[in-house]
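In what follows, a structure is listed as structure tokens, so that the remarks can point back to it.
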Amino acid sequence: MNIPNDPMMLLSYINTKLRDDYHDLATLCSELEIEESFLREKLSSIDYHYNQELNRFV
């Protein structure tokens, strides 16, 4: 899967996908074949962390 490399663009892309297409992060990662740890690390570098209750990075 080709995803944005820039952390801010990645944040927008992932949160949009979570909002529109996926009920949780694990399902998104599985279906898009993205390592969950990669997403968490990349987005934590800009101080965003996954909130399961909101189903988004905040």
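Ignoring ligands and nucleic acids, what accessible area does HIS49 show with a 1.4 Å probe (Å², nearest 10)?
100
At a probe radius of 1.4 Å, what is the per-residue accessible area of SER37, in Å² to the nearest 10?
That residue has around 60 Å² of solvent-accessible surface.
Just to make sure I understand: if all protein chains stay in place, what is the order of TYR48, TYR22 by accessible area at 1.4 Å, largest first? Write down the numbers at each step before the final one.
Details: TYR48 70, TYR22 30 Å².
Per-residue accessible area, sorted high to low, gives TYR48, TYR22.
What FRET efficiency would be calculated for the residue pair GLU36, ASP6, taking the C-beta separation as r and a Förster radius of 30 Å, to the nearest 0.05?
With a Förster radius of 30 Å, E is 0.95.
Skipping prolines and chain starts, which residues have an amide H placed within reach, meaning under 5 Å, of the one on ARG56, given they are 5 or more residues away or on another chain?
ASN51
What are the ³J(HN,Hα) couplings of region 51-58, residue after residue, when phi is run through the Karplus curve with 6.51, -1.76, 1.60 and θ = phi - 60°? Round to Hz, x for glycine and proline.
Once rounded to whole Hz, the list reads 10, 5, 5, 8, 6, 6, 8, 10.
Using alpha-carbon pairs under 8 Å, 6+ residues apart, how would you state the relative contact order of the chain in percent?
36
How much of ARG56 can a 1.4 Å solvent probe reach, expressed as accessible area in Å² and rounded to 10?
Per-residue accessible area (ARG56): approximately 110 Å².
Taking all protein chains as present, what is the carbon and sulfur share of the accessible area of the chain, in % to the nearest whole number, probe 1.4 Å?
45
Determine the order of PHE38, PHE57 by accessible area, beginning with the largest, at a probe radius of 1.4 Å.
Working: PHE38 90, PHE57 5 Å².
Final ranking, largest accessible area leading: PHE38, PHE57.
Whole-Å semi-axes of the chain's equivalent ellipsoid, largest first, each the root of 5 times a Cα gyration tensor eigenvalue?
Ellipsoid half-lengths, sorted descending, are 15, 13, 10 Å.
Under the rule of -39500 (n - 2.57) per DSSP H run of 4 or more residues, summed and divided by the residues of the chain, what mean residue ellipticity at 222 nm is obtained, to the nearest 500 deg cm²/dmol?
Value at 222 nm, helices only, nearest 500: -16000 deg cm²/dmol.
With every protein chain kept in place and ligands, DNA and RNA left out, what is the accessible area per residue of the chain? Probe 1.4 Å, answer in Å².
Values: 3930 Å² over 58 residues.
Each residue of the chain exposes 68 Å² on average to a 1.4 Å probe.
The values are calculated or read from the model by the stated rules, or taken from the named source; none is laboratory data. Every value quoted in this text rests on a predicted model; they were computed, and no experiment measured them. Don't worry about glycine lacking a Cβ; one is built from the backbone with ideal geometry, like all the others, and counts go over all protein chains shown. Quick note on the areas: whole protein, heavy atoms, side chains included, nothing else; ligands and nucleic acids left out. Shrake-Rupley method; radii C 1.70, N 1.55, O 1.52, S 1.80 Å.
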